[in-house]
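One structure is given below, encoded as structure tokens.
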Amino acid sequence: MVGGGREDLPARADELRALIRHHNERYYQLDDPEIGDEEYDALLDELRAIEAAHPELVTTDSPTRRVGAEPVGSLEKVRHPEPMLSLANARSADELRAWVQRMRSFLAREGIEAPAFRYVCEPKVDGLAMSVVYRDGLLERGATRGNGEIGEDVTHNLRTIASLPLRIEDAPRFVEVRGEVYLPLHDFAELNERRAAAGESTFMNPRNAAAGSIRQLDPRIAARRPLAFWAYGVGASDGLAFPGQWETLAWLRERGFPVNRDIVRLDHEDEVIERCLDWQERRGVLEFEIDGVVVKVDDGELQRRLGAVGRDPRWAIAWKFPPTTTVTRLLDVRWNPGKYGDLHPYAVLEPVHVGGVTVKLATLHNEEDLARKDLRVGDEVIVLRAGDVIPQVLSPAPHEVERSDRSAPPEPPERCPVCETPTVKPPGAVFTKCPNRDCQGRRWQLLKHFASRGAMDVDGLGERQASLLMERLGVRDAGDLYSLRVEQLVDLEGLGETSARRLVDAIAASRERPFAKVLFGLGIEGVGEVTGRSLAQRFRTIDALLAASPEEIEQTPGIGPVVAAMIHEQLTDERMRDLIARLRGAGLRFEEEGPAPGDGPLAGRSLVLTGTLGDLTREQATERILAAGGRVTSSVSRRTDYVVAGDAPGSKLDKAQRLGVAVLDEAGLLALLAGEQPES
Ligand code: IVH
């Protein structure tokens, strides 16, 4: 609504802008919104309406300008006010010590003996370097690094990054902020899921997704990708001078720029090395991808004295994590049906050593991913193996693409490689499927899923055992497990008396798993761990769930109409009904036993877990909190009642402290679960 008389409009527009800026800060900086999305949108809509009617009232820092309406024709080249440098690498503790030694020798020649270095260690986020220029406090222009001298103007897209200030207070007339644009892993995964669901191609990694987004001509596309920004430096400026890197970061933080909270200042190179190794280890658990650690000499004066060699400053170095990619030959592409029949391609590779192990097979995710990567059998391909994740084929080696004698693109098979049923690809579907619900391949996947850690957790029932049970003993599904006897198992390949007994015991023990796990274990498409829990809590018994209409299923938190219909359809399938009946007969739990929501010592309480707990695994802690009527969420806000912090807690602990949320250790959690008042 555009209210008030004509002359009030400029004042109202200013007021709206101030309000929106305030709420942005609550949301993005403090993670503590005061108003809901609707109210926020209403403010923005009102401002948009005023500005549309009176373009003369638009200011360049108006929040409505985050998504400039018009796409640009092409990306303009811009010269950076100050060249953007790159970094030399260190790949080991020795190389890092050698760097320190080089600096000492260099300074000694300049007459500076035994300088006391302090170091600032920053995660080297794998995104894109940016130069962002502010004039008179207003964001004027943002550019990619390009060749270091000349980059591309991406202001229209940078403006869409909500955590990047459009205006800074208390600013010099001119300042160039340096930082990295990246896509948080969580958002990357969601973006890819959304794209896959919409039948669009997915991105290979967060860096590519960020690069693809920031270089879009149409800012509306970038605005839909939740890009983020870490500030790590100041380039050219009008009159700013900092004692060192640490103060530079503090200045940036005070001006509202996001600065990574894990950044530390350390006094000794041994501590630096320790820190780098620590990050290397934690690499897989961070919320963003890092490919190393940037170590900088803190002191500004020493930095100046040290200067640069070519493009690399002497005063900084990138500790690079060990390479996790290599090149090998793609020998074949094969396909396997998944739990729901989707055919998943995988690569057979010439065995190669990477990331510390020999890799012979690698995932190719799905047929769309395979097509997008344009891999051909016979190609040399780039293989990635990082941390504990399954090795994957990233792309053909660059030279392959030029080759004219490549083989034809691999196609999904016309018949299921396991049951030979003709495969189908319904119009509009992304994946080719084996439509046969009795397919042994699908059954194998379902059986493995049932026994898996997150579901019924049957210890000792892995891939191999699942195959043996199916092939030798005619096991068809989970319903056949509970009648297995030790005598039947002892003769199976590799299963002696002891392990046979153990497996039978493990199967028996799984009868105790709660209803939610049983629901998840059934392998209903659309029912993951979380949905399984929600369904169990909402319906409380399998009979109630089996009797539910799609509309009733849709009332469950997190389930939309499409998934509700899908779940309903599967639950009415005769085979599913039969499986449920047999599992019920075997004594599994088909009723929710925990308190109904609203009961129990933690009723209505919301908890966040961070770090490693001592006795309880995270999974166990979650189970017990849920059983006590509480909720476990993944991010901290003012609505969080408790943050339970174990060893090596992450940024969630910082946030809890900032927001004044009560923090507990494991003992405190146990006290809460027992209905006592914890000491926080
Ligand atoms: S400082 C003089 N700090 O690493 C220092 N760079 O080769 C120049 N990067 O492409 C860069 N995180 O985008 C610096 N905390 C950080 C960084 C960082 C990532 C990237 C940067 C550049 C490359 C340096």
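No lab work stands behind these numbers, since they all come straight from the coordinates. Quick caveat: nothing in here was measured; it's all calculated off a predicted structure. Reconstructed Cβ throughout: ideal geometry from the backbone, glycine too, with neighbour counts over all protein chains shown.
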Footprinting exposure proxy for Ser635, Ser510 (fewest neighbouring C-beta atoms within 10 Å first):
Ser635, Ser510
To the nearest 0.05, how large is the calculated FRET efficiency for Val348 and Asp136 if R₀ is 45 Å and r is the Cβ-Cβ distance?
0.15
Among GluC sites (Glu not before Pro) in the stretch 386-494, those in a DSSP loop whose Cβ has at most 16 other Cβ atoms within 10 Å are Glu414, Glu420, Glu493
Under 13 Å between alpha carbons, and skipping anything fewer than 8 positions from Lys425 in its own chain: which aspartates and glutamates qualify?
Asp342, Glu367, Glu368, Glu411, Glu414
Residues of the stretch 124-166 with backbone N under 13 Å of the label point set 7 Å from the Cα of Leu240 along Cα→Cβ are 131-140, 165
Where a ≥ b ≥ c are root eigenvalues of the Cα gyration tensor, a/c under 1.5 meaning rounded, otherwise prolate if a/b exceeds b/c and oblate otherwise, the stretch 116-188 counts as rounded
Do any trypsin sites (Lys or Arg not before Pro) in the stretch 346-409 lie in a DSSP loop with no more than 16 other beta carbon atoms within 10 Å, and if so, which?
Arg403, Arg406
So for the pair Arg224, Ala509, with labels modelled 7 Å out along Cα→Cβ, what separation do we get in nm?
4.8 nm
Could you derive backbone 3J(HN,Hα) for the stretch 663-673 from the dihedral phi with the Karplus parameters 6.51, -1.76 and 1.60 (θ = phi - 60°), listing whole Hz in sequence and x where the residue is Gly or Pro?
10, 10, 9, 4, 4, x, 4, 4, 4, 4, 5
The stretch 433-510: relative contact order as a whole-number percent, Cα under 8 Å and 6+ apart:
30 percent
Label point 7 Å out from Arg261 along Cα-to-Cβ: which residues of the stretch 605-623 have amide N under 14 Å?
608-611
Of Lys320/Lys652; Lys296/Lys360; Lys124/Lys517; Lys320/Lys373, which ones are farther than 31 Å apart at the Cα?
Lys296/Lys360; Lys124/Lys517
Order of Leu240, Leu286, Leu626 from fewest to most other C-beta atoms within 10 Å?
Leu240, Leu286, Leu626
Go ahead and run the numbers for FRET between Leu57 and Asp647, Cβ-Cβ distance against an R0 of 60 Å, rounding to 0.05.
0.65
What does the C-alpha gyration tensor say about the overall shape of the stretch 539-680? Classify as rounded when a/c is under 1.5, otherwise prolate if a/b is larger than b/c, or oblate.
prolate
1/(1 + (r/R0)^6) with r = Cβ-Cβ of Cys419 and Thr358, R0 = 35 Å, i.e. FRET efficiency to nearest 0.05, evaluates to 0.65
Note to self: C-alpha centroids of the stretch 442-468 and the stretch 610-679 sit apart, in Å, by 31 Å
Separation in nanometres of the label points that stand 7 Å from Cα toward Cβ, at Phe106 and Gln620
5.2 nm
Hey, rough spin-label estimate for Asp41 and Ala116, points 7 angstrom out along Cα→Cβ, what's it come to in nanometres?
5.7 nm
Cα gyration tensor, the chain - rounded (a/c under 1.5), prolate or oblate:
prolate
Ranked by Cβ crowding within 10 angstrom, fewest neighbours first, how are Glu39, Glu367, Glu269 ordered?
Glu39, Glu269, Glu367
Chain lengthening between Glu82 and Arg194 when straightened (0.36 nm per residue, less Cα-Cα)
36.4 nm
If the chain between Glu271 and Glu380 were fully extended at 0.36 nm per residue, the gain over the current Cα-Cα distance would be 35.2 nm
For the stretch 507-587, run through the trypsin sites (Lys or Arg not before Pro) and keep only the ones in DSSP coil with at most 13 other Cβ atoms within 10 Å of their Cβ.
none
Stretched fully, the stretch from Ala547 through Glu34 gains (0.36 nm per residue minus C-alpha distance, one decimal, in nm) 180.6 nm
Run the paramagnetic zone check for Glu529: 7 angstrom along Cα to Cβ, then residues of the stretch 538-580 with backbone nitrogen under 12 Å.
none
Find how many whole Å separate the alpha carbon centroid of the stretch 253-321 from the alpha carbon centroid of the stretch 528-566.
48 Å
